[in-house]
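One structure is given below, encoded as structure tokens.
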Amino acid sequence: MTEQGNQPEDARASAGGEHGRVTRRRVIGTPPPAEARRLLRDGGAPAQPAPPPKPRMLPADPANPERAKRAERIVATCFMISFVASIAFIASYVIFQVHSVDRVFRSNLGLGLSMTVAFLALGAGATVWVRNVMPKVEITEERKPLASPRPDREAFAEAFEEGTEASQFVKRPLIRRTLLAASTALAVAPIVLLRDLGPLPRTQLRHTAWKADSRLVVLGTNRPLKPAEFASPGGIITVIPEGTDNDLEALAKAAVLIIKFRPEELLAPTVMNWTVDGIVAYSKICTHVGCPAALYEHTTHHILCPCHQSTFDAQRGAKVLFGPAPRPLPQLPITVNADGYLVAQSDFHEPVGPTFWELG
Amino acid sequence: MSTVDKALEGTGGYLDDRLRGAKTLRNVLKKIYPDHWSFLLGEIALYTFIILLLTGTFLTLFFKPSMTDVVYHGSYTKLNGVHMSDAFASTLNISFDVRGGLLMRQIHHWAAILFLAAIMAHMLRIFFTGAFRKPREINWLIGVTLLTLGIVEGFAGYSLPDDLLSGTGLRILEGVMLSIPIVGTYITFFIFGGQFPGHDLIPRLYIVHVLLIPGIILALIGAHLFLMYHQKHTQFPGKGRTDRNVVGAPAYPYFAAKTGAWFFYIFAVCAGLSTFAQINPVWLFGPYNPAAISSDSQPDFYMGWLEGALRMMPAWQIDFLGHSLALGVFIAGLLVLGVLMTGLALYPFIEQWVTGDRREHHVLDRPRDAPTRTAVGMAGVTFYGVLWLIGGNDLIARYFDIQLYWTTWFGRVTVIIGPVIAYILTKRICLGLQRKDRDLLVHGVETGIIVMKPQGEFTEITRPVPEEVHAVLTARRELPRLPAAQPDENGVPSPAAHSVLGKLRVRLNHVFTEAIPLPGGNGHGTGDGHRELPTGAEERPALPKAEQEERPEPTSRP
């Protein structure tokens, strides 16, 4: 089927080369009948009757004109709805102002609704058009085998071999090997460029912003705490080292949960010397993949990470009870300073957060 | 001369004088496209990608990919005075101070979700109908790459606003990166430009999200479509449809009008969702703070299966020689992804190796006609589905009032046995459907008319299945069975079937070619006659025979 047009097209191409006038008359897709062209080229008067038209691939009109007429009106209505909706979109842009939540939502409704209708109507119109106005066709097209014919492959192989021979690439190993060496080095070079993407880790993951005598301040309010202010057992507060409230890198490792117990409730392996009046401090950064382990169930003393549900026993050194976290939440040594505020004794004694290769 | 002719002569002639495109373009216009609803799935992916490019370009005009700390004073008064990154502040600005900004943001996000959902659905269609078979293996590989890139692109995209939810996602990314053996810590520091979260990540993700990956995706989509065009579309079996033809309607005007309408529908759906279904309201989450989190944190759906893998994986960690390997995190976060994508990429080649089928296929398989492939696919779907489900186990536990840890254990067990059950069930269902088809061909369609014969016997009149149905039912091209590892007539064992790999291949081949034979005379025989059924014979013997073939195997050894 696709082959039927080849002959006339080639003929026309050559004709176009000779006569500029014919080139201008050329029509893409619907070539004029060969007969008519021949007449033009001869320059003679078109006296002879027109040849019979070529068989069409597609019918020009639908089988049921009545139905097509009805469908046409539906299509036109759809397109008009789309037109109106697009105007409504522009109007919404002008009418609905923003700068507050309520107005933004109204604007979103106006713009979104008109846009939805504009597209929907356009799609519906096009659907009715193609289904009910265009004549129905089903055409069978032959497939050619995908593989090239044998001679083509051989011709390619010959061309390639000839080229390779002419290049002397195979015969001259010196060129070949030095080229290989050169391109390998050139390929490696850009990788070196990536070195300055970041600093080397060194021991940065082993330290946090906690130092001896850093005061524990409440996340959000930055208020330092005295043990007496945190007296009811079962309470839990997120604290950070004083002065780090806008330092996200520091917070990412230094966020700490403090939990108040009755002193007798705390059990091994909790380090008792690191607690103050039953107040125990654990890293809030989950040892699984670093989410803040923020949920606390005070009847069971379980700390739960909301991301992947690792569960830690706050009573027993935050050891892992369930879930994918492989290590307990490290305990921060805390004490009270001369002014009576809760402070860190030192940094954590082990790295906080997710396990990394150098953790050991 | 009509107006069409004049336009063509003017512009068309001008271009053709310079480009010589008439013949190629004529073929483009007359290209035949077969019709089936499932062929529209890939188009959803294509058109949502175009929507993503359009809305994404709009967003770049206002978005500031910067992690510089700013104090917000703007239209969303609840966050006035709050420290946040410039990225988050500009996202608020797009949402509340740019007319249509919220709509564009929401369309962009909905389109991204539809994009990945459509890719997945399209891929399942391709898989279950065997459209990846020769000659389309290369296009399958492009598709797997597009899926992978799409997931990365989506993740990078929803991380850009730097809100609490997406920041938590990046935190998880950091944890997963840290689990990579030997180089994990270095990779993390290089990606984040130092310690988490640093100040480099958002600008870096931005350029990856708006230029690098979309550029690659665009190029691959071009290649994907070109190959589809060049190889011509596949078609479902039917009367008059063979591997040597393609039946449908020409691109111009039919396919062009239909696909145009489809584009408008998809845009309408994205716009409609964005009008009525709020998505990613970052102003409710607030700016990212590594010390804070909200419960019920859920990623976009296409990350859910990796989230589920992280949730259900046991807490495996190996400490040795002063090093630590967070094996659980590494498996869940990276290996599962790598294994699934590699498996998808290799599948067409594995199947071809197992079946030895090197023919070109342009007529699609009905899923039942390739029971083992369908069963393998369903096993994969189940594996993915369980992971995805457990990605929301906290919500399941809460809304269905189930113990949280039970959901985790349910996931741990079903992720292993679920695919096995799915495989067995699917295969049985497929073979059952094949039997049903066979019965239909053998006995015809029941008419419900009972006649009494002169001798008093009652029989029901059946009529042969209609031609159109018959063509579908008999479309299956049965696969030749590889000979078992036994000597041929001359006593020489087939070398290909003798190695360990060869034996595995024969074994897999016999599993794969398990099928209910079509009633005789359809050219499906293997030549050794073991498939030929006497009329009215049960189909059962086909299965024990496969075992018989393998049984002589020990005797072949000297």
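If you add up the charges near residue A:98, with Lys and Arg at +1 and Asp and Glu at -1, over every other residue whose beta carbon is less than 11 angstrom from its beta carbon, what do you get?
Working: positive: A:103, A:106, B:99; negative: A:102, B:97.
Overall, the nearby charge balance is +1.
Using only Cα atoms and rounding to the nearest 10 degrees, what angle (0 to 90) does helix A:65-95 make with the longest principal axis of chain A?
The two axes meet at around 40 degrees.
Taking 20 °C and 1.002 mPa s as the conditions, I'd like the Stokes-Einstein D for chain A in µm²/s, using the Kirkwood hydrodynamic radius from alpha carbon pairs.
The diffusion coefficient I find is 70 µm²/s.
Order these peptides, B:341-347, A:60-66, by their mean beta-carbon neighbour count within 10 angstrom, highest first.
Ranking, from highest mean packing down: B:341-347, A:60-66.
List, in the order given, every pair from B:134/B:239; A:136/B:239; A:69/A:136; B:6/B:30; A:144/B:436; A:144/B:30 whose Cα-Cα distance in the structure shown is over 27 Å.
Result: A:144/B:436 exceed 27 Å.
Quick one: Debye curve from the C-alpha atoms of region B:63-152, no solvent, what's log10 I(q)/I(0) at q = 0.12, 0.21 Å⁻¹?
These q points yield log10 I(q)/I(0) values of -0.58, -0.97.
Distance in nm between label sites at residue A:202 and residue B:401, each 7 Å beyond Cα in the beta-carbon direction?
About 5.7 nm, to one decimal.
Under 13 Å from the Cβ of residue B:345, count the other residues' Cβ atoms, weight Lys and Arg +1, Asp and Glu -1, and hand me the total.
Neighbour charge sum, excluding residue B:345 itself: -2.
Check chain A for me: any Cys whose beta-carbon has no other cysteine beta-carbon within less than 4.7 Å?
That list is A:78.
Mind checking B:100-107 for the average number of partner chain beta-carbons within 10 Å of each residue's beta-carbon?
5
Over chain B, what is the relative contact order in percent, taking alpha-carbon pairs closer than 8 angstrom and at least six residues apart?
15 percent
As an exercise, identify the trypsin sites (Lys or Arg not before Pro) in region B:3-38 lying in DSSP coil whose Cβ has no more than 12 other Cβ atoms within 10 Å.
Sites meeting the loop and neighbour criteria: B:20.
Just flag the trypsin sites (Lys or Arg not before Pro) in region A:190-275 sitting in loop per DSSP whose Cβ has no more than 16 other Cβ atoms within 10 Å.
Loop-located and lightly packed - A:202, A:211.
For chain B, which span is the longest to avoid every loop-located (per DSSP) member of GluC sites (Glu not before Pro) having at most 14 other Cβ atoms inside 10 Å?
By the stated rule (loop sites, at most 14 other Cβ atoms within 10 Å), B:1-456.
Calculate, for residue A:56 and residue B:207, the FRET efficiency according to 1/(1 + (r/R0)^6) with r their C-beta to C-beta distance and R0 45 Å; round to the nearest 0.05.
Calculated transfer efficiency: 0.30.
Give the cross-link partners of residue A:226 among the lysines, using a straight C-alpha distance below 25 Å as the criterion and excluding same-chain residues fewer than 8 apart.
A:211, A:253, A:260, A:284
Looking only at chymotrypsin sites (Phe, Trp or Tyr not before Pro) in DSSP loops with at most 16 other Cβ atoms within 10 Å, what is the longest site-free stretch of chain B? Provide the component values of the computation, followed by the final result.
Numbers: sites that count: B:62, B:316, B:400.
Longest gap between qualifying sites, sites excluded: B:63-315.
Let me check the size of region A:65-133 from its C-alpha atoms; what are the radius of gyration and Dmax in Å?
15.7, 54
Going by the alpha-carbon gyration tensor, a ≥ b ≥ c the square roots of its eigenvalues, is region B:233-389 rounded (a/c under 1.5) or, if a/c is not under 1.5, prolate (a/b greater than b/c) versus oblate?
Oblate, because a/c is 1.5 or more while a/b does not exceed b/c.
Which FRET efficiency value, to the nearest 0.05, do you get for residue B:436 and residue B:284 by plugging their Cβ-Cβ distance into 1/(1 + (r/R0)^6) with R0 = 60 Å?
About 0.70, to the nearest 0.05.
Taking Cα atoms of the protein assembly as shown, Rg/Rh with Kirkwood Rh, to two decimals?
1.04
Within a 10 angstrom radius of each residue's Cβ in B:188-195, how many Cβ atoms of other chains show up on average? Whole number is fine.
6
Mind checking B:499-511 for the average number of partner chain beta-carbons within 10 Å of each residue's beta-carbon?
Mean partner-chain Cβ count within 10 Å for B:499-511: 0.
Picking from B:265, A:178, B:76, whose Cα lies most toward the positive end of the charge dipole for the protein assembly as shown (charges on Cβ: Lys, Arg +1; Asp, Glu -1)?
Positive-end residue among those listed: B:265.
Between residue A:80 and residue B:200, what is the label-to-label distance in nm when each label sits 7 Å out along the Cα-to-Cβ direction?
Result for the modelled spin labels: 6.2 nm.
Where in region A:122-187 are there GluC sites (Glu not before Pro) that are in a DSSP coil and have at most 16 other Cβ atoms within 10 angstrom of their Cβ?
Values: sites: A:138, A:141, A:142, A:154, A:158, A:161, A:162, A:165; in loops: A:138.
Within region A:122-187, the qualifying GluC sites (Glu not before Pro) (loop, at most 16 other Cβ atoms within 10 Å) are A:138.
Tell me, what is the FRET efficiency for residue B:276 and residue A:164 to the nearest 0.05, using R0 = 51 angstrom and their Cβ-Cβ distance as r?
0.20
Read the figures in this text as sums done on the coordinates, not as results from a lab. Quick caveat, the model's predicted, so the values are computed rather than measured. A quick note on method: Cβ atoms are made from the backbone with ideal geometry, for glycine too, and the neighbour counts reach across all protein chains shown.
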